[in-house]
1. Sequence neighbours fewer than 8 away in the same chain don't count; with that in mind, list the lysines whose C-alpha is under 23 Å from residue 269.
2. Could you compute the net charge surrounding residue 621? Neighbours are other residues with a C-beta less than 11 Å from the C-beta of residue 621; K and R count +1, D and E count -1.
3. Between the stretch 375-451 and the stretch 613-651, what's the alpha-carbon centroid distance in Å?
4. Does the stretch 523-679 come out rounded, prolate or oblate by the C-alpha gyration tensor, with a ≥ b ≥ c the root eigenvalues, rounded set by a/c under 1.5 and, if not, prolate when a/b is larger than b/c and oblate if not?
5. Towards the positive end of the charge dipole of the stretch 199-242, with charges on Cβ (+1 Lys, Arg; -1 Asp, Glu), say which of 235, 210, 223 has the farthest Cα.
6. Could you tell me whether the stretch 121-200 comes out rounded, prolate or oblate from its Cα gyration tensor? Rule is a ≥ b ≥ c as square roots of the eigenvalues, rounded for a/c under 1.5, then prolate if a/b exceeds b/c, otherwise oblate.
7. Using a 10 Å cut-off on Cβ atoms, rank the peptides 122-134, 344-356 from the highest mean neighbour count down.
8. Which percent of the accessible heavy-atom area of the stretch 327-465 goes to carbon and sulfur, probe 1.4 angstrom?
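The values are calculated or read from the model by the stated rules, or taken from the named source; none is laboratory data. Worth saying up front: this structure is predicted, and the values here are computed from it rather than measured. As a convention, Cβ positions derive from the backbone with ideal geometry for all residues, glycine included, and neighbour counts pool all protein chains shown. Remember, those area values only see protein heavy atoms, side chains included, never the ligands or the DNA or RNA. Shrake-Rupley method; radii C 1.70, N 1.55, O 1.52, S 1.80 Å.
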Amino acid sequence: MSAIKKIGVIGAGNMGSGIAQKIIQEGIPVVMVDIKEAFVQKGVDTIKNMLAQGVERKIFTGQQVEEIVGRLTATTDMNQLADADLVIEAVFEDKAVKTEVFKKLDAICEPKTILATNTSSYYVKDFTNAISRPDRFVGYHYFYHPAKNRLLEIIPHDGTSEETMEKAVLAAKLHAKTAIVVKDAPGFAVNRFFVPFLNEAVRLLEEGVADIATIEEAAKRGFKIGMGPFELMNVTGVPIALHAATTLGNELGSFYAPAQMLKAQVDKKENWSLEGEVAESRVQPVIDRLYGVCLGVAAALVDEGVASIEDTDRGAKIGLRWIQGPFEIMNQIGIATTCDLVEAIAAKYPDFKTPRLLIQQKGKGAPFAFQFVDLEVKEGIAYITINRPEAMNALNEATVEQLDARFAEAQADPQAKAIVLQGAGKAFVAGADIRYFVKNIKAGRIDDIVAFTRRGHELLLKIENASKPTIALLDGLSLGGGSELALACQAIVATPAGSLGFPETGIGIYPGLGGMLRLALQVGPDLAKYYVFTGDTISATSADSLGLLARMIKPAEVDQAIRDLVNQGVPDKNRSRELPAAAQALAHLCAGDNAKGLLTGQQPQADDADLAAKTVKKIGYKAPLALKVANEIIDRQVGQPIAAAVEIELARLNEIFATADALEGLTSLGRKRPEYKGK
Ligand SMILES: NC(=O)c1ccc[n+]([C@@H]2O[C@H](COP(=O)([O-])OP(=O)(O)OC[C@H]3O[C@@H](n4cnc5c(N)ncnc54)[C@H](O)[C@@H]3O)[C@@H](O)[C@H]2O)c1
């Protein structure tokens, strides 16, 4: 597959400038085109302002911003897009304007160029007659603000080729989007249930069921969201909600058509007034109606094959930043209750039918089961994808169980001669699910944590000892359990975005899935201690220099590199090796008695005193007990067979999870710096 070296963006407005910004931020050159110099300049200024805010918030340095802006060419000349690999159209939502743009692009661009539309209300297929390359045409539906919101709906039409889809998915990954593939249907996936949610709120007002303040409160409680539907419309534009509801209504019938009051509000050219008292007695009836509509529509779109239940939830959680997706809400309130609420909507609106999916699920008497781990065999290689990008693919019980099942299927599949493990979205796997630990500690069920960890170890040992080569594709961040999973694979193939890291001692525990052991087997116990004590990130470049990687490659070379590795055979990951000088210096800090000294804040003798001082400082922030136990475990694991070394690790879990520091560390994560008491 050819690389994505240049992307075009047509339109330098709200969406176009944001899309261009994100792509240049992620390292790919962009040519952004608008019709007039002044519009081009406005787009460039918007990007520069956004990046300047990024510098203020310490997301970027001035130097980085210079490099980012250096990747942008802004022009009125469409001819500069001739050799682009992908061109994304984000002009006015006007069919004639868009059609004209695609005709021009089709004439200008080389055959390799894929054309994409960011339309929100037309079918993707509506533009294919204008071009000679319908096989290289796709929908790319972004969410505002496209430089910040990670969701991207990728929409093939019937004639989009498989190769185009592969390239479209790759391009999405390369600019750090979490893509969901959605059918070419009105509203695609997210707007299909989100717009009726807004519209139903207006109908509730219109019917006098409740006032705006009450509806806002009910929506916030029911959907666990920070802004209710009226405030959301105020922020994103009331006319946009009307336009979206009108389009859905035209395509799908009167149930989706805009409420009269929505039209009236747009005519008034005013935002909604949010003032008022919440009428407590009206809250539940409002929640019920909003649930009935939103959950009913979510089930309908899945029934129609527009998206899977998992992608629909993902769309809500990533695109709309909801804490729960519609199907998770259904599971929470119960499928029977959901069915009742949706049936009430079907009784009220004759052109809305209760989706079969719900009736069937009610018949099963069980909640929806989500698939978090996917398996696909492609050209003789099994790709297992941990697909929970909304949680950075964190390992919870369901994910580990499904990973185990998919792994067994891949092992048993005669078509698969190797097994690749990868993560969906930007991360590989961001460790174990912290909420799972907290929940069980609070419930006094540490034994469950130990049993879960034991099952994890069994799976990792199967992966390590598999008869087929097992390869971790580390093309994003990994932490804790994720790094341990990668190290358990027989080989790691990484892109520059890949990384490993063991932050556990910073949250009151120690790496419990063989990470200390497997790192020590490769780079020696001293350097393993350094990384476990400090939690320092091991970048792909460092990992490569330490011999932890079988291949370090560019994202576009992944498939080929994996095929080559499988054909040539994976090298012995535990071969002996010479560490580079910089790594030897780090290892020295934790060698012999230095390690014990470090744990009590003593600075070891070292050639680089500054490095030693920094290391002491970093370790000073970690949980003392976790450090002590990790140090002891690494010492005791030296020279032990793997099975025995694993038992040494498991044996200390009860002790560590029972500490006050573990609870403090795990519950502080992402909120505040933990305060450790050493107990
Ligand atoms: N705003 C959102 O939240 C959102 C979300 C998803 C998709 N979309 C879609 O994205 C598209 C753009 O929306 P926007 O909000 O950025 O609009 P906008 O009005 O801010 O920007 C559109 C830009 O396109 C330029 N343009 C118009 N015709 C052109 C042409 N022939 N060649 C080059 N440039 C041209 C305009 O000068 C303008 O700068 C629309 O299709 C919209 O439906 C918007």
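1. none
2. Surrounding charge for residue 621 is +3.
3. Between the Cα centres of the stretch 375-451 and the stretch 613-651 lies a distance of 25 Å.
4. Numbers: a/c = 1.70, a/b = 1.51, b/c = 1.13.
Taking the square roots of the gyration eigenvalues as a ≥ b ≥ c, the stretch 523-679 is prolate.
5. Sorting the options by dipole projection puts first 223.
6. oblate
7. On the way: 122-134: 18.1, 344-356: 16.2.
Going by the mean number of other Cβ atoms within 10 Å, highest first, we get 122-134, 344-356.
8. Carbon and sulfur: 52 percent of the exposed surface of the stretch 327-465.
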